[in-house]
Amino acid sequence: MAQSYTSCNAVGGRIRSRCSRCQKVTFIEVAPGTRKKIVRCSCGKSCAYLINYRQTSRTSSSIRAQAILANARETKIQVCDTSSDGIGFLVPIEHRLSLHRGDEVQIKYRGGGALAQRKLLIKNINGARIGGRYT
């Protein structure tokens, strides 16, 4: 049987666990970098959690944008999610190999009718999906 995961936020290195059977609430310490945690309640029920370490919430979006890469090439990208700290976007696979963590990228997109231009520091690369923080 497949395990279903509940998303929860890690605050101060701990997560809040609520048993679905007896409704008991416990605070469980999690090691930094832990993404999944299975917690067993005193009543015997196990609950599985996906741990989120984000400090600000993000919203899904689908915005077409232009990226100016470190080698001065321009490419079209698809913005997938935004937050007050940064964005996540998809880049064509042929340009993915020229991007590395720590590189600066400049993006241009239309937001609210106006043309926005921001600089990003690449923090995460997962295939063609890139995560960046505004500088």
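Got a sec? Which of R54, R64 is among the basic types (K, R), within 30 Å of G86 (Cβ to Cβ) and part of a strand (DSSP E or B)?
Matching residue, one of R54, R64: R64.
Taking A65 as the residue in question, decide whether it is small (G, A, S), more than 18 Å from the chain's Cα centre (by Cα) and modelled with pLDDT under 90.
no
Hey, any hits in region 34-45 for a residue that's assigned to a strand (DSSP E or B), farther than 22 Å from S57 by Cα and open to solvent by less than 100 Å² (accessible area, probe 1.4 Å)?
Yes, the conditions are met somewhere in region 34-45.
Restricting attention to region 72-83, does a residue exist that is assigned by the TED database to the domain that holds A116, exposed (fewer than 14 other Cβ atoms within 10 Å of the Cβ) and in contact (Cβ under 8 Å) with a residue 40 or more places away in the chain?
no
Which of the residues belonging to region 11-31 are under 21 Å from the mean Cα position of the chain (by Cα) and either among the acidic types (D, E) or surrounded by 10 or more Cβ atoms within 10 Å (Cβ to Cβ) (or both)?
V11, G13, R14, I15, R16, V30
List the number of the failed condition for A116; all other conditions in (1) touching a strand residue (DSSP E or B) at 6+ places or on another chain (Cβ under 6 Å); (2) open to solvent by 80 Å² or more (accessible area, probe 1.4 Å); (3) of a type in the set (A, V, I, L, M) hold.
Here A116 clears every test but (2).
The values are calculated or read from the model by the stated rules, or taken from the named source; none is laboratory data. Worth saying up front: this structure is predicted, and the values here are computed from it rather than measured. Glycine gets a Cβ as well: all are built from the backbone with ideal geometry, and neighbour counts include every protein chain shown. Please note that ligands, DNA and RNA were not included when accessible areas were found on the heavy atoms of the full protein model with its side chains. Shrake-Rupley method; radii C 1.70, N 1.55, O 1.52, S 1.80 Å.
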